[in-house]
Amino acid sequence: QVQLVESGGGLVQAGGSLTLSCAASGSIWKIKAMGWHRQAPGKPRELVAAISVGDMTAPNGSIDLIDSAKGRFTISKDDAKNAVNLQMNSLRPEDTAVYYCHAEIYGGDSLLWGQGTQVTVSS
C-alpha cells in the first residue's frame, strides 16, 4: 500500500506564491509517477503537473505541466523525503481550487489520491 500526505496550501493574494508538498510512504517502489490535480467548484478535476518517479520508459524526472502553469509552477522531486513539491508563483484567482496529490502505481488501474488541500487566491 502507498499513502500520500499533502501539506501546504492556504490563502494568498494574486501574484503571490505557495508551495505544496506531497510525501509518499509505504510501498513507494511501486510508484511510477506523482503529481497534482486540482478541482475548482463546479468544474472537473484537471491535471496540473506530474513528474516521473520510477517510470522505466521515461527519463527519471520527466515533467508534464498544463499550459496555464508553464512559467509559473515548478514540480520537483525530493528523493530523500519521498516527496514531490509544487512551487506555485504568480498565482491568479483562477488558480483557486482544491489541489489533490496523485500517484500512478505500477500495475494499478487507477490513480491513488491524497486528501486534498485548499488553495485560495484573492484578487
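The values are calculated or read from the model by the stated rules, or taken from the named source; none is laboratory data. Given the structure is predicted, the values throughout are model-derived calculations rather than measurements. Virtual Cβ from ideal backbone geometry, glycine too; neighbours counted across all protein chains shown. Areas reflect the complete protein model, heavy atoms only, side chains present, ligands, DNA and RNA absent. Shrake-Rupley method; radii C 1.70, N 1.55, O 1.52, S 1.80 Å.
Here the Gaussian network model covers the chain, with springs between Cα atoms less than 10 Å apart; of 90, 110, 76, 110 fluctuates the most.
Taking only the C-alpha atoms of segment 28-113, Rg followed by Dmax gives 13.1, 37 Å.
Computed over the Cα atoms of segment 11-55, pair by distinct pair, the Kirkwood hydrodynamic radius stands at 13.0 angstrom. Expressed as a whole percent, the accessible area of segment 22-89 that falls on carbon and sulfur atoms is 54 (1.4 Å probe). If you take all other residues with their beta carbon under 13 Å from the beta carbon of residue 123, and give Lys and Arg +1 and Asp and Glu -1, the sum is -1. Relative to the Cα centre, the charge distribution of segment 23-90, modelled as +1 at Lys and Arg Cβ and -1 at Asp and Glu Cβ, gives a dipole magnitude of about 180 debye. Rounded to the nearest 0.05, what FRET efficiency do residue 87 and residue 113 give with R0 = 22 Å and r taken as the Cβ-Cβ distance? Could you check? It comes out at approximately 0.55. Largest to smallest in accessible area, the residues 106, 100 fall in the order 106, 100 (1.4 Å probe, all protein chains included). Note on residue 94 and residue 72: the model spin-label points, each 7 Å out from Cα along the C-beta direction, lie 0.8 nm apart.
If the only charges are +1 at each Lys and Arg Cβ and -1 at each Asp and Glu Cβ, what is the size of the charge dipole of segment 62-123 around the Cα centre, to the nearest 20 debye? Numbers along the way, then the final one.
Details: 5 positive and 8 negative charges, 49 e Å.
So the magnitude is around 240 debye.
Enter the accessible area per residue of segment 30-123 (Å², integer; probe 1.4 Å; all protein chains in place).
Numbers: 4910 Å² over 94 residues.
Roughly 52 Å² per residue, with all protein chains present.
Each residue of segment 67-82 was assigned a 3J(HN,Hα) from its phi angle through the Karplus curve 6.51 cos²θ - 1.76 cosθ + 1.60 (θ = phi - 60°); the sequence is 4, 5, 9, 5, x, 10, 9, 10, 10, 8, 9, 10, 5, 5, 9, 6 Hz, with glycine and proline shown as x.
If the label point is 7 Å along Cα→Cβ of residue 14, which residues in segment 78-93 have backbone nitrogen under 18 Å from it? Within reach of a label on residue 14, which here means backbone N under 18 Å from a point 7 Å along Cα→Cβ, segment 78-93 contributes 89-93. Among the trypsin sites (Lys or Arg not before Pro) within segment 1-81, those in coil by DSSP and having at most 12 neighbouring Cβ atoms inside 10 Å are 70.
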